[in-house]
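The values are calculated or read from the model by the stated rules, or taken from the named source; none is laboratory data. Quick caveat, the model's predicted, so the values are computed rather than measured. Cβ placement follows ideal geometry from the backbone for every residue including glycine, while neighbour counts extend to all protein chains displayed.
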Amino acid sequence: MVAGSDDLVSLAGGAEAPALPRLDIPLLRKDRRLWVWWHKGTSRRLVVVFSSVGHGPETPPVLEFAQSATAGGRDSAVFIGDPQRTWLNAPQLIEEIVEVIEAARDEIGATETVTLGYSMGGFAALVIGGFVPVHVALAFSPQMSIDPALVPDEGRWKRYRRRIGALRIRCATDHMSAETEHTIIMGSSRLEKPQVRLLPRTANVATHFLPGTQHDTAPRIKMAGLLPDVLDHAFSRRSGALGALLSQRLNARSKGFAA
């Protein structure tokens, strides 16, 4: 696949992104369990990007954040899509993803591994650090749980949840590594309250709340022209600069780290 923009499915039908240098991001694996794209950059940072739910349960996974995740092609990135939309609950899926990450890390001699995702992808970006070393995780509007027992008032994603068997990952918080620095960006609307209640309040988690925003944090940040800077600040562990940027440009309210 040749990617020229940060395709975020929630922006479909919206303003067109400006033309950007084209990146060669081949699809290495495509089967019922997993889709994997790979971009080899020149740095020793590995970015692991997890796809969101997309437009529907039968649509193919979408490669997202191509330009920003790779810093315009500089950083290596493995893009992971879960075509069954299982929130990492398919049997042995986590182990297969860990093998992909470890192989990519070995290929470039990575000195740091960071994860990124939006919605379902944000959930995976937070969780995977409990199974493979991750330095920084950045999650836009992540579900913290799709378990009805934990979020009984969550009315979204039910058609996906019904297709999943046993839940291996009931809550993202249970698997968020103490060794990972987590940055979570959430909308402040009532729609997100079932998930906000489960956000962890630990020293290695910073949360930024965007007013006037529902589940569309990543598209809103992109439309404001801030996506590359947000990723750069988060991955480089400049939490104070990230909080200041979001506060000044989007009136965000921040908790954790240097907030």
Collect the residues in the range 47-84 that are over 14 Å from the mean Cα position of the chain (by Cα) and not in a loop (DSSP other than H, G, I, E, B), keeping them in residue-number order. Gln67, Ser76
If you go through the range 194-248, how many residues are of a type outside the set (A, V, I, L, M) and either part of a loop (DSSP other than H, G, I, E, B) or in contact (Cβ under 8 Å) with a residue 60 or more places away in the chain (or both)? 21
State whether the residues of the range 78-89 include one that is acidic (Asp, Glu) and farther than 28 Å from Pro26 by Cβ. no
Of (1) more than 20 Å from Ala218 (Cβ to Cβ); (2) part of a loop (DSSP other than H, G, I, E, B); (3) of a type in the set (Phe, Trp, Tyr), Trp87 satisfies every one except (1)
Inspect all residues belonging to the range 158-178 and state whether any of them is without any contact (Cβ under 8 Å) to a residue 40 or more places away in the chain, of a type in the set (A, V, I, L, M) and more than 15 Å from Asn89 (Cα to Cα). yes
Return the total of residues in the range 178-222 being under 26 Å from Gly155 (Cβ atoms), among the aliphatic types (A, V, I, L, M) and out of contact with any Gly (no Cβ under 6 Å at 6 or more places or on another chain). 9
Going through (1) farther than 24 Å from His39 by Cα; (2) at pLDDT 95 or above one by one, Phe131 fails only at (1)
Does the range 128-146 hold any residues that are surrounded by fewer than 24 Cβ atoms within 10 Å (Cβ to Cβ) and assigned to a helix (DSSP H, G or I), and which are they? Gly130
Could you say whether any residue in the range 63-86 is buried (at least 18 other Cβ atoms within 10 Å of the Cβ), in contact (Cβ under 8 Å) with a residue 60 or more places away in the chain, within 19 Å of Ile146 (Cβ to Cβ) and of a type outside the set (Phe, Trp, Tyr)? yes
If you scan the range 101-127, which residues turn out to be assigned to a helix (DSSP H, G or I) and either more than 23 Å from Thr59 (Cα to Cα) or at pLDDT below 95 (or both)? Ile101, Glu102, Ala103, Ala104, Arg105, Asp106, Glu107, Ile108, Leu126, Val127
Give the number of residues within the range 149-167 that are assigned to a loop (DSSP other than H, G, I, E, B), in contact with a Pro (Cβ under 9 Å, 6 or more places away or on another chain) and within 15 Å of Met120 (Cβ to Cβ). 4
